[in-house]
1. Once phi is turned into ³J(HN,Hα) by the Karplus curve 6.51 cos²θ - 1.76 cosθ + 1.60 with θ = phi - 60°, what whole-Hz value does each residue of segment 93-110 show in order, with x for glycine and proline?
2. Given 0.36 nm per residue, what is the gain on full extension from Lys14 to Leu175 after removing their alpha carbon distance, in nm?
3. For Ala88 paired with Val25, estimate the spin-label separation in nm (one decimal), with each label point 7 Å from Cα along the Cα-to-Cβ line.
4. Scan around His148 for amide H atoms under 5 Å from its own, H built in the peptide plane at 1.01 Å from N, and keep only partners 5 or more places away or cross-chain.
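Every number in this text was worked out from the coordinates using simple rules, so none of it is lab data. Only a predicted model underlies this, so the values are computations on that prediction, with no experimental measurement involved. Backbone-built Cβ (ideal geometry, glycine too); neighbour counts: all protein chains shown.
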Amino acid sequence: MSAFPPWSWVPCPKQPWGASASHDVEGYLSLENIILSCYAQEEHDEISCPQKEETSCSEKEELIDIATLVQSNCSKVPYYDLHIIYSASYRVPVLFFRAYYSDGEPLGFNAIEKDLPAHSAKALLDSKWTFITQEEHPYLNRPWFKLHPCGTSEWMKLLFHVDVSVAKNGVTIELYLLSWLSVVGQVVGLRIPLEMLNQP
């Protein structure tokens, strides 16, 4: 059973300038307000955040306002919104994402870079602006980050090339998306449960 809620389809009106005139319905898959694996484990392990309490023994007592807001020393946990959008120009799905804290403060590129799994952070060092880019979300018209799709078609062909039945019968959309997401999701720390991959 997946720890994540199910992806949902968000229908969008057709864009008059869009290249996908053959599609009746446009939209994207959405998984929102999730805590990715590294933080989900931390949150589960660490139910409360202990704070150091200062005690002072002095002859003079200070008046203390108990209604004073005290900022927690707990590290902020980022939430992610993930959208899968079909790229008509590359003819592959593209993962768009954004990250933010519970108070709505967005994470910038440097904060997201620190939040990525180690293997993704290394790939970023090698190809900083070709791996993850920021551009306008095609439907929301706001800046989002995306994993650049330039090599997706080639590695997806390699992934399915070894399966003889796929070569004969083609790939179902569900299998294609699941296989694609099992690779692409690792970049941001999204893990696909094995039982999903074994479903007929």
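1. Using θ = phi - 60°, the values come out as x, 10, 8, 9, 8, 9, 10, 7, 8, 4, 7, x, 5, x, 8, x, 4, 5 Hz.
2. Residue separation times 0.36 nm, minus the Cα-Cα distance, leaves 55.4 nm.
3. Placing both labels 7 Å beyond Cα along the Cβ direction yields 1.9 nm.
4. Here the answer is Ile132, Thr133, since their amide H atoms fall under 5 Å of that of His148.
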